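Below is one structure, written out as structure tokens; the observations come after it.
Throughout, read-outs are computed from the coordinates displayed, never taken from laboratory work. This one's a predicted model, so the numbers in the text were calculated from it and none came from an experiment. When we count neighbours, we look across all protein chains shown, and the Cβ atoms used for this are built from the backbone with ideal geometry, even at glycine.
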Amino acid sequence: MLPQTLYQTAIKFATLKHVAINQKVPGTELPYVVHLSNVAMEVLMANANTENFNVALAIQAALLHDTIEDTDTTFAEVEENFGTAVANAVMALTKNESLPKEEQMMDSLQRIKNLPHEVWAVKMADRITNLQAPPSHWDNAKKKKYRAEAQIILDELASGNVFLADRLQGLIEDYRKYISND
């Protein structure tokens, strides 16, 4: 199936799931599909700049990456509609909420590292997209923590996609402008 068709199928599925819970981009009134399409755009740019990139897997995982974590979507539902490889990718990109909060990101990163590099690319693309201006209600400590988490993601996954790793590194540096020097 063409990547364009996979994109259209996945974005429709994800949009319906996120609209059903009225999810917005944090700190905005934008529908959550804006975040998903931004992650997908980063993945498409990585595809254009990376040899042997499985854009079919990456684009679907990008658009669906928050469905299990944020909506009532199940692994089985993703697997039935998009296949096992995509469902495994979405599951790895999903925090395990049965773990203590401070362990969830590293657990997810370890699961991501057991999958193809396209899944690594989705995680980097997700953080790239989230390194825009932080929500106005975040305090300085939250901003510092978020930037530090971005650095961990880069340290763990940089070898998975050089193009996105370079982009993430630049945005981590740029994010300093949102952090005050108390």
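Brief remarks on what is shown
- Between the residues GLN132, ILE152, GLN110, the greatest Cα displacement towards the positive end of the dipole of segment 90-156, with unit charges on the Cβ of Lys, Arg, Asp and Glu, is found for GLN132.
- Dividing the summed helix terms, -39500 (n - 2.57) for each DSSP H run of n ≥ 4, by the number of residues in the chain produces a 222 nm estimate of -21000 deg cm²/dmol to the nearest 500.
- For segment 1-77 versus segment 101-176, the inter-centroid distance based on Cα atoms is 17 Å.
- Each peptide in 174-181, 84-91 gets a packing score, the mean of other Cβ atoms within 10 Å over its residues, and the list from highest to lowest is 84-91, 174-181.
- Rounded to the nearest whole Hz, the Karplus-based 3J(HN,Hα) values (6.51 cos²θ - 1.76 cosθ + 1.60, θ = phi - 60°) of segment 38-51 follow the sequence 5, 4, 4, 4, 4, 5, 5, 5, 4, 4, 5, 10, 9, 6, with x at glycine and proline.
- Tilt relative to the chain, helix 3-20 - C-alpha long axis, 0 to 90 degrees, to 10: 70
- The mean sequence separation of alpha-carbon pairs under 8 Å and at least six residues apart, normalised by the residue count of segment 76-182, gives a relative contact order of 25 percent.
- Only the Cβ atoms of Lys and Arg (+1) and of Asp and Glu (-1) were treated as charged; on that basis the dipole of the chain about its Cα centre amounts to roughly 400 debye.
- Total lysine pairs in the chain at Cα distances under 21 Å, for residues eight or more apart or on different chains: 29.
- Evaluating 6.51 cos²θ - 1.76 cosθ + 1.60 at θ = phi - 60° for every residue in segment 24-33, the Karplus couplings come out as 10, 5, x, x, 9, 9, 6, x, 4, 4 Hz, glycine and proline recorded as x.
- Cα-based shape type of segment 1-61, given that a ≥ b ≥ c are square roots of the gyration tensor eigenvalues and the cut on a/c is 1.5: oblate
- Option label - Rg and Dmax of the Cα atoms in Å computed here, alternatives (1) 15.7, 53; (2) 16.5, 57; (3) 15.4, 44: (1)
- Across the chain, Cα pairs under 8 Å and at least six residues apart give a relative contact order of 21 percent.
- Calculated from backbone phi, Karplus (6.51, -1.76, 1.60) coupling profile of segment 159-169 in Hz, x at Gly/Pro: 6, x, 6, 4, 4, 6, 4, 5, 5, 4, 4
- For the chain, the longest principal axis of the Cα atoms and the long axis of helix 140-157 meet at an angle of about 50 degrees.
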